[in-house]
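The structure under discussion appears below in the form of structure tokens.
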Amino acid sequence: MITLQPLRWGKPYESMEIKDVVHFDTGEPIAKFGSVGGGIVARDMKQAHKARAALLKHSTDELIAMSKKAAELFETAELPVGDSMQSVDQFVHQQSASTGLPEHMCRSNLKKNSFVLSHIDEILDCLTRGLDLNILSKGFGEEGRGVIVSYQAQTPVLGAILPNNSPGVHTLWLPAIPLQIGLALKPGSQEPWTPYRMVSAFIQAGVPAEAFGLYPGGHDAGGAIMTKTPRSMIFGSAETVAQHAGNPRVQAHGPGWSKILIGDDVVDDWELYLDVMVESVLSNSGRSCINCSGIWASRHTREIAAAIAKRIGPVDVLPPIDDNAQLAAFTVPAMATGTHAMVQQDLSESGVTDMTAEYGDKLIEREHCAYLRPMVVHADSPDRGVAMKEYMFPFVSVVECPQAEMLRRIGPTLVGTVLTRDPELVAAAGACVDIDRVNFGPIPTNRLNWLQPHEGNIIDFLFRSRAYQVADLPVAANA
Amino acid sequence: MSAAQSSIPEDVAKSASDARDRLNEHTLKIVHWHFSEDTGSPFWLEKKSELGFDPLKDVKSFDDLKKFPHFEDEWLRGGPIQRWVPKGHAGKPVYVFETGGTTGIPKSRMVIEDHWKDYELFSDTLPDEHFPRGSNWLMLGPSGPRRLRLAVEHLAQHRGGICFCIDLDPRWVVKLIKKGWMEHLEEYKKHCIDQAVTVLTAGHDIKCMFATPKLLESLGEALEDRGTSLQEVGIKGIFSGGTEFTPQWTRFCVEELLGGPVEEGGVYMTPTYGNTLMGLACSKPIKAADGYKISYYAPQPRAVTEVVSFDDYNQVVGFGETGRVKLYTLTDEFFVPGFMERDEGEREAPFDMYPWDGVSGVRPFHELASATTVGVY
């Protein structure tokens, strides 16, 4: 059985606190995880500058080449992970076993992470708007207009408190390495697999091992990363995001409340967009912040909701190894029962209708886990509480709202797909500060173009643009 | 007899038997004190009528304490506090000590001199080599209505030293955590640690200290940030407690904070386990060779800990087996015939230094763990 131990700047640390992890469906033991407390993390963070120093020994071009090699290894090779050699199949099985995701979704996330890393040069080019990366290394340089520009790294390492639910979000910290910034990661207790395998792939590809700290542990370890690193990212609930609002040291990623907005000019043809809506709601079992949780239109909303319900309402639980499995398990059953209770509360409000009611029970309880089957809810007004809800399973509210009010009422929207040809709505949606990523046209919310800036541009987070002036010193008289 | 029991050396078994005899004798004395009309407390004298047995006649040994219903912690919330003062101690000055981080009505315990006696007994377990007599102390932990400050201060005085104290209010810490004000929490911790560093570096010849694990960790870190260490500022011995201790934390402490194992010149550190009800349980000396295992032994016969079955709180588990921690307080000031602690652990066998049951691996009771804010100070 594989044992994952903490990694302290590249050196494995034999933790005395070992937890067993069992398969969510069968209860079979699959792994042992060691953890550390905040004291060890805090102590290591005093040496964080060495992580950057080790990376600075390699040029950004070299690190980009290593990253591309790492992408290939991550996706295809047998790699040393913890105390074992891990094949791709084992990785997929282990990740599925602890997260509840069907195995084909784990493979899909594996490819997504690998894709980002293999295109890291293009992504960095996009994120920096074409800046010569040597300027980031050196701290200053000539941009080409006869002006010196300077970017100052704000931290030697990027800290990250990683989530349990969605292996896809690891794409957000991957650019740190070619940017010559070390990593101090607290892996999610159910999803340590991607960070461990990715770090192994980086090291096998030639990135210095001392650039990596992996600190599985409790809140204590996460808290130490956040307080001791000048820049960290965290993934959590709306409360987590609110807690760190306005803190320049922390980039908080929470619920996405991603939405599809249908303009009055095309809403009569809503059936043309049914596939886009279904994919946006159902992909990755609805777990991602980029999954669509709200579809807004001024009319036909009941028909739209009924049509989506007809497509996703019958989706049922299948074994995790089944390639047709669309639903991920809640490995902590209480999370499913708690979520189910919250949805029942939403449904009790007047004007809210469960459009999937006829497709059977939604809460499916198993011996070691539980599932929630897809739900489509109709809200007759944006005033209904359910209009702003997001849950960790395929769940969408179809909200009836006049077009004129839509952009004022949608609230925070990580991905907004706007279906319209109306130039006024296009202009207004483009200017709407509540929408982060905006798609015009039939682009499912889950389909990201990585060659676009994505939320929380890591360059802006890790580097500061500043003035940098240089003049020659006069030659001393006795020189 | 279990395998573990049969492996107890003969001399330890004999000492354990003698200790049990002393415990039985002590139990009789204490029960008579608390249930006699002349000396008992109003609380126990009133409770006597509800018991369905006569403690004065029916308690003949420690095991007979199982006839009592479990001690309910709600009995300690709210007043009047006078109902707990034994008539036999009427007129003496009384302290009230409260539980640490509680933000509702706290559990209160009246004390006359027990905290002094507990710490004098504890003092006997401290090696003079690492806790030099006559040297000064630092108390870095909660004071306020907690007993810790007065108890540690008495310990210092009992050993001929003077105690410097830094306060930390755990109730404010609990509020900060619940509000999610983690930056404020960090600042508050820093505020406490800054004071400790100031005292330690002000020429007061402090060689010994008490600190909670988290504050000790932060203090070590702060000293390192200033280019020094606990060793370099002159600390020889530390006793630590108040929150959960793990072998891993102890190992980290020894290897990375205290300058290595004590036999190689590192600072001596002993974990303790205690509370307002029981007093202070000492740790069996911790060693790397034992995997930094931490085993606690209550100051018997004044207090007793048992590890009992999760299904039957009157059934002690076998040595090495896991159960919930149950404690008894048997002093002439306070009588607790079986209080179910919010902890679980493994039952440990007697050994030569403490020839009675101990408990190791102490951690929050699994059924309560999710509802407990652990380690607030």
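May I ask you to say which residue of A:E271, A:E303, A:E279 is among the acidic types (D, E) and within 23 Å of the chain's Cα centre (by Cα)? When all the criteria are applied, what remains is A:E279. Please determine, by comparing only the residues of region B:222-255 that are open to solvent by 30 Å² or more (accessible area, probe 1.4 Å), in contact with a helix residue (DSSP H, G or I) (Cβ under 8 Å, 6 or more places away or on another chain) and within 14 Å of chain A (Cβ to nearest Cβ), which one is modelled with the lowest pLDDT. The residue in question is B:E244.
Restricted to region A:35-69, and to residues that are more than 25 Å from A:I225 (Cα to Cα) and among the aliphatic types (A, V, I, L, M), which residue is surrounded by the fewest Cβ atoms within 10 Å (Cβ to Cβ)?
Of region A:35-69, the ones more than 25 Å from A:I225 (Cα to Cα) are A:58-62, A:64-66, A:68-69.
Still in the list and also among the aliphatic types (A, V, I, L, M): A:64-66.
On the way: A:I64: 20, A:A65: 17, A:M66: 23.
Restricting to residues being more than 25 Å from A:I225 (Cα to Cα) and among the aliphatic types (A, V, I, L, M), the top hit is A:A65.
Within region A:224-233, the set of residues being open to solvent by less than 70 Å² (accessible area, probe 1.4 Å) and either polar (S, T, N, Q) or within 11 Å of chain B (Cβ to nearest Cβ) (or both) comprises A:A224, A:M226, A:T227, A:T229, A:S232. Of all residues in region A:442-474, those satisfying the criterion of being open to solvent by less than 20 Å² (accessible area, probe 1.4 Å), at pLDDT 95 or above and part of a loop (DSSP other than H, G, I, E, B) are A:P444, A:T445. In the set B:D38, B:D64, B:D18, only one residue is assigned by the TED database to the domain that holds B:D332, part of a helix (DSSP H, G or I) and surrounded by fewer than 17 Cβ atoms within 10 Å (Cβ to Cβ); that residue is B:D18. Applying the criterion of being polar (S, T, N, Q) and part of a loop (DSSP other than H, G, I, E, B) to the residues of region B:127-158, the residue that is nearest to B:V262 (Cα to Cα) is B:S135. Considered as a group, the residues in region A:347-394 that are out of contact with any helix residue (DSSP H, G or I) (no Cβ under 6 Å at 6 or more places or on another chain) and among the aromatic types (F, W, Y) include one that is most open to solvent (accessible area, probe 1.4 Å), and that residue is A:Y359. Every condition in (1) within 22 Å of A:A42 (Cβ to Cβ); (2) part of a helix (DSSP H, G or I); (3) without any contact (Cβ under 8 Å) to a residue 40 or more places away in the chain holds for B:I166 except the one numbered (2). B:D205 meets all of the listed conditions (1) more than 11 Å from every other protein chain (Cβ to nearest Cβ); (2) open to solvent by less than 70 Å² (accessible area, probe 1.4 Å); (3) at pLDDT below 95; (4) touching a Gly at 6+ places or on another chain (Cβ under 9 Å) but one, namely (2). Within region B:256-268, restricting attention to residues that are away from chain A (no Cβ under 13 Å) and assigned to a helix (DSSP H, G or I), the residue that is farthest from the chain's Cα centre (by Cα) is B:E264. Quick check on region A:68-76. Is at least one of its residues of a type in the set (A, V, I, L, M, F, W, C), at pLDDT 95 or above and under 30 Å from A:D316 (Cα atoms)? Checked against the condition, which is being of a type in the set (A, V, I, L, M, F, W, C), at pLDDT 95 or above and under 30 Å from A:D316 (Cα atoms), region A:68-76 yields no hits at all.
Residues checked against (1) away from every other protein chain (no Cβ under 14 Å); (2) touching a residue at least 40 places away in the same chain (Cβ under 8 Å); (3) open to solvent by 30 Å² or more (accessible area, probe 1.4 Å):
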{"position": "A:E239", "(1), (2), (3)": "no, no, yes"}
{"position": "A:V250", "(1), (2), (3)": "no, no, no"}
{"position": "A:H253", "(1), (2), (3)": "yes, yes, no"}
{"position": "A:D269", "(1), (2), (3)": "yes, no, yes"}
{"position": "A:G286", "(1), (2), (3)": "yes, yes, no"}
{"position": "A:W296", "(1), (2), (3)": "yes, yes, no"}
{"position": "A:H300", "(1), (2), (3)": "yes, no, yes"}
{"position": "A:I308", "(1), (2), (3)": "yes, yes, no"}
{"position": "A:D316", "(1), (2), (3)": "yes, yes, yes"}
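Out of all the residues in region A:1-32, which are more than 13 Å from chain B (Cβ to nearest Cβ), hydrophobic (A, V, I, L, M, F, W, C) and either within 27 Å of the chain's Cα centre (by Cα) or surrounded by 15 or more Cβ atoms within 10 Å (Cβ to Cβ) (or both)?
At the first step, the residues of region A:1-32 found to be more than 13 Å from chain B (Cβ to nearest Cβ) are A:1-4, A:7, A:9-12, A:20-32.
With hydrophobic (A, V, I, L, M, F, W, C) added as a condition, the list becomes A:1-2, A:4, A:7, A:9, A:21-22, A:24, A:30-31.
The answer is A:I2, A:L4, A:L7, A:W9, A:V21, A:V22, A:F24, A:I30, A:A31.
With the structure loaded, tell me whether B:F310 is open to solvent by less than 30 Å² (accessible area, probe 1.4 Å) and either under 29 Å from B:R171 (Cα atoms) or assigned by the TED database to the domain that holds B:K67 (or both) or whether it fails that test. For B:F310, the condition - open to solvent by less than 30 Å² (accessible area, probe 1.4 Å) and either under 29 Å from B:R171 (Cα atoms) or assigned by the TED database to the domain that holds B:K67 (or both) - is not met. Before we move on, is A:G206 surrounded by fewer than 24 Cβ atoms within 10 Å (Cβ to Cβ) and within 14 Å of chain B (Cβ to nearest Cβ)? So A:G206 does not fit the description; no.
Is it fair to say A:A357 is under 25 Å from the mean Cα position of the chain (by Cα) and either in the same structural domain as A:P319 (by the TED database) or without any contact (Cβ under 8 Å) to a residue 40 or more places away in the chain (or both)? Talk me through it step by step, then tell me what you get.
Numbers: under 25 Å from the mean Cα position of the chain (by Cα): no; either in the same structural domain as A:P319 (by the TED database) or without any contact (Cβ under 8 Å) to a residue 40 or more places away in the chain (or both): yes.
For A:A357, the condition - under 25 Å from the mean Cα position of the chain (by Cα) and either in the same structural domain as A:P319 (by the TED database) or without any contact (Cβ under 8 Å) to a residue 40 or more places away in the chain (or both) - is not met.
Checked against (1) on the phi < 0 side of the Ramachandran plot; (2) within 14 Å of chain A (Cβ to nearest Cβ), B:M278 passes all but a single condition, namely (2).
The values are calculated or read from the model by the stated rules, or taken from the named source; none is laboratory data. All values reported here derive from a predicted model rather than from experimental measurement. Because the Cβ atoms are built from the backbone with ideal geometry, glycine has one as well, and the counts that use them run over all protein chains shown. Heavy atoms of the whole protein, side chains included, go into the accessibility calculation; ligands, DNA and RNA do not. Shrake-Rupley method; radii C 1.70, N 1.55, O 1.52, S 1.80 Å.
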